[in-house]
Amino acid sequence: GFGIMKEISCFTDHLDTVRTAVFHPDGTCVASGGVDTKIKLWDLRSKRLLQHYDAHEEQVNKISFHPNGKYLLSASN
């Protein structure tokens, strides 16, 4: 099993519910997409917001990094 799990970071910049989140292939950042139509890219080392995208006109349902980490794909309604 995983043993005891604990929160190591909390990012609270979305204005509404987060629908999807994914780690970058190199493990240095995480991207999140929400009902607020935004995509946010967070640096896990500094715990700072790196990028903010006004990505869609409706909620972000899914995001995924390309395996090489150079591209981020998102899907909306």
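Got a number for carbon plus sulfur as a percent of segment 8-77's accessible area, 1.4 Å probe?
50
Ignoring ligands, DNA and RNA, how do Val35, Val18, Val60 rank by accessible area with a 1.4 Å probe, largest first? Present the calculation step by step, with values, prior to reporting the outcome.
Values: Val35 50, Val18 75, Val60 0 Å².
The residues order as Val18, Val35, Val60, largest area first.
Can you give the accessible area per residue of the chain, in Å², using a 1.4 Å probe?
Values: 5610 Å² over 77 residues.
With all protein chains present, the chain gives 73 Å² per residue.
Give the lysines reachable from Lys6 as a straight Cα distance under 20 Å; neighbours fewer than 8 places away on the same chain don't count.
Lys47
Normalised by the empirical 2.2 N^0.38 Å for globular proteins, what value does the Cα Rg of the chain take? Kindly include the intermediate steps, with their values, before the conclusion.
Working: Rg = 12.8 Å, N = 77, 2.2 N^0.38 = 11.5 Å.
Scaled against compact globular proteins, the figure is 1.11.
How much length, in nm to one decimal, is gained on full extension between Lys62 and Leu50, taken as 0.36 nm per residue of separation minus their Cα-Cα distance?
Gain on extension, Lys62 to Leu50, equals 2.4 nm.
Which value, in debye to the nearest 20, gives the size of the charge dipole of the chain about its Cα centre, when Lys and Arg are +1 and Asp and Glu are -1 at the Cβ? Could you put the intermediate results ahead of the total?
Working: 9 positive and 9 negative charges, 65 e Å.
So the dipole magnitude of the chain works out to roughly 320 debye.
The values are calculated or read from the model by the stated rules, or taken from the named source; none is laboratory data. Since we're looking at a predicted model, the values are computed, not measured. Quick reminder, even Gly has a Cβ in these numbers, built from the backbone with ideal geometry, and neighbours come from all protein chains shown. Just so you know, the surface numbers come from the protein's heavy atoms only, side chains and all, with ligands and any DNA or RNA stripped out. Shrake-Rupley method; radii C 1.70, N 1.55, O 1.52, S 1.80 Å.
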